[in-house]
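> This is the structure, below, for whatever I ask next.
The values are calculated or read from the model by the stated rules, or taken from the named source; none is laboratory data. Remember, it's a predicted structure, so these values are computed and weren't measured experimentally. We place every Cβ from the backbone using ideal geometry, glycine too, and count neighbours over all the protein chains shown. Accessible surface areas use protein heavy atoms only, side chains included; no ligands, DNA or RNA. Shrake-Rupley method; radii C 1.70, N 1.55, O 1.52, S 1.80 Å.
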Amino acid sequence: MSGGGETPPTLSRLGGQEWAHTKEKVKEAVEEVAADLLDLYASREVVPGFAFSRDTIWQRELEASFPYIETPDQITAQQEIKADMEKSKPMDRLICGDVGYGKTEVAIRAAFKAVIDGKQVAVLVPTTVLAQQHYATFSERMKAFPMKIESLSRFRSHKEQADVIKRLEQGTVDICIGTHRLIQKDVQFKNLGLLINR
């Protein structure tokens, strides 16, 4: 069986009436999704975003402290992200790469840039283990700077979660790394400026 259902899918003959009906339904669904995307992107074109400042000396210090040699793709991605962040248009960017190719470092630098301009950053990850790993990595990379980094997942007690949520609302947490817990109704950021979805 395929499709994840309990019953096997029904087969239809290519060129038959049932096949034509199925193709038409799929075409309509695709057109609806495309129209929704066009509406979304059209509305985003007219909504002003926040134009981040050009790189500061701290940004250059953070980047210079990276203990590895950046790949050409990392350098290109970072330059393009920074250019997008410095525009007053909301940024949408997808970074793809295999494990170990530097996506986290690219995310760290973008997050740092946002925090330097007084914005908060949410880093959404799929698992609690990845939340802990990213928390450790972000904390290590930014330890020389006055940034407050927190994590929010089921690994934290209810009391710790409540404290982090309170400080997010107050704006005293700069970067919060967490699982789907970050997008629950009780979580409010005072000044969210960047969302990174890992």
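> Using amide H atoms built in the peptide plane, which far-off residues or other-chain residues are under 5 Å from SER151 H to H?
Under 5 Å from the amide H of SER151 lie the amide H atoms of ILE177, each far enough along the sequence or on another chain.
> So if we plug the beta-carbon distance of GLU61 and ARG154 into 1/(1 + (r/R0)^6) with R0 = 41 Å, what FRET efficiency do we get, rounded to 0.05?
Using R0 = 41 Å, I get an efficiency of 0.70.
> Give the ranking of LEU152, LEU38 by solvent-accessible surface, highest area first, calculated with a 1.4 Å probe.
Putting LEU152, LEU38 in descending order of accessible area: LEU38, LEU152.
> Further question on the same structure: Where does the chain land at 222 nm, in deg cm²/dmol rounded to the nearest 500, when only DSSP H runs of n ≥ 4 count, each adding -39500 (n - 2.57), divided by all residues?
Theoretical 222 nm ellipticity from helices: -15500 deg cm²/dmol.
> Further, regarding this structure: Would you give the gap between the C-alpha center of the range 167-198 and the C-alpha center of the range 51-117, rounded to a whole Å?
Taking the Cα centre of the range 51-117 as reference, the centre of the range 167-198 is 19 Å away.
> What is the distance, in nm, between label points placed 7 Å from the Cα along the Cα-to-Cβ direction at THR127 and at THR7?
3.6
> Moving on. In nm, to one decimal, how far is the modelled label at TYR101 from the one at LYS89, with both set 7 Å along Cα→Cβ?
With each label placed 7 Å out from Cα toward Cβ, I get 2.6 nm.
> Which whole-Hz couplings ³J(HN,Hα) result when phi for each residue of the range 53-70 is put into the Karplus expression 6.51 cos²θ - 1.76 cosθ + 1.60, θ = phi - 60°, listed in order with x for Gly and Pro?
Going residue by residue, I get 5, 5, 4, 9, 5, 5, 4, 5, 5, 4, 5, 5, 7, 5, x, 10, 8, 5 Hz, with x marking Gly and Pro.
> Here's something else I'd like to know. Kindly report the accessible area of the chain per residue (heavy atoms of protein chains, probe 1.4 Å, no ligands, DNA or RNA), in Å². Don't jump to the answer; show the numbers that get you there.
On the way: 13060 Å² over 198 residues.
Result: 66 Å² of accessible area for each residue.
> What does the extension gain come out to for GLU80 and GLN184, with contour length at 0.36 nm per residue minus their alpha carbon separation?
On the way: separation 104, 0.36 × 104 = 37.44 nm, distance 3.09 nm.
Residue separation times 0.36 nm, minus the Cα-Cα distance, leaves 34.4 nm.
> How would LEU124, LEU168 rank on accessible area, largest to smallest, probe 1.4 Å?
Sorted by accessible area, descending: LEU124, LEU168.
> Which label belongs to the value computed from this structure, given these candidates for Rg/Rh (Cα atoms, Kirkwood Rh): [x] 1.09; [y] 1.73; [z] 0.98?
The listed entry that was calculated here is [x].
> Would you tell me the accessible area of SER65, worked out with a 1.4 angstrom probe on the heavy atoms of the protein chains, in Å² to the nearest 10?
Probe radius 1.4 Å; accessible area of SER65 about 60 Å².
> OK, next. When we measure straight from the Cα of LYS103, which aspartates and glutamates land under 18 angstrom away, once same-chain ones fewer than 8 places off are left out?
Of all the aspartates and glutamates, those that pass the test against LYS103 - Cα under 18 Å, at least 8 places apart if same chain - are GLU63, GLU70, ASP73, GLU80, ASP84, ASP92, GLU140.
> Turning to a different aspect of this structure: For the range 62-132, which whole-number percentage of the solvent-accessible area (1.4 Å probe, protein heavy atoms only) is attributable to carbon and sulfur atoms? Mind dumping the intermediate values first?
Numbers: 2100 of 3670 Å².
C and S fraction of accessible area: 57 percent.
> Over the heavy atoms of GLU105, what accessible area does a 1.4 Å probe trace out, to the nearest 10 Å²?
Per-residue accessible area (GLU105): approximately 10 Å².
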